[in-house]
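Accompanying notes for the structure given below.
The values are calculated or read from the model by the stated rules, or taken from the named source; none is laboratory data. Just so it is clear, the model here is predicted, and its values are computed rather than measured. For the accessible areas, the whole protein counts, side chains as well, though only heavy atoms, and no ligand, DNA or RNA atoms are used. Shrake-Rupley method; radii C 1.70, N 1.55, O 1.52, S 1.80 Å.
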Amino acid sequence: EERFDEQVKERMGTITARCNNIDGESILWAYKRLSAHKAREKILIVLSDGQPAGSAVSAALGSFTANVIKAIEKKIKVIGIGYCTTTVKDYYKDHIIVEDTKELPATFCRLLNRVLNKGSVMHYSIGG
């Protein structure tokens, strides 16, 4: 396990879109692991580069990702954070858009504070 320290915050601030991931499988895997915990309330926070299918040309994988998210949102809270993309609004009921990746650490902390204090996750953009 890694602590959320200054070094991690710095690395988060330098994330760029890569298009090398398949979000649906990753989200499903994370949900299954989260489901094994006994906590009454569970929250899954997903960072997205806007290409949930690994590339912009794979409609089948994009559809799979959307279906996975919809199914999981019925069971636990899922929040999508889009960095340098607005695509998260098309996939996640609760989402935040961050235009400047250097804002990710502060955004993440505000999001956790809001969720843990039972506040709503507003749909908003930061930076730009």
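Remarks
- Derived scalar couplings ³J(HN,Hα) [segment 72-80; Karplus, 6.51 cos²θ - 1.76 cosθ + 1.60; whole Hz; x for Gly, Pro]: 6, 4, 6, 10, 9, 6, 10, 10, x
- Solvent-accessible area of Asp94 with every protein chain in place, 1.4 Å probe, in Å² to the nearest 10: 20 Å²
- Where Leu111, Leu28 fall by accessible area, highest first, once all protein chains stay in place (1.4 Å): Leu28, Leu111
- The amide H of His95, built 1.01 Å from its N in the peptide plane, has Gly80 as neighbours under 5 Å, considering only residues 5 or more places off or on other chains.
- Members of Lys74/Lys102; Lys42/Lys89; Lys75/Lys118; Lys32/Lys102; Lys77/Lys102; Lys38/Lys93 lying beyond 27 Å, as alpha-carbon distances in this model show: Lys74/Lys102; Lys32/Lys102
- For Lys77, residues with placed amide H under 5 Å, excluding near neighbours: Lys42, Leu44
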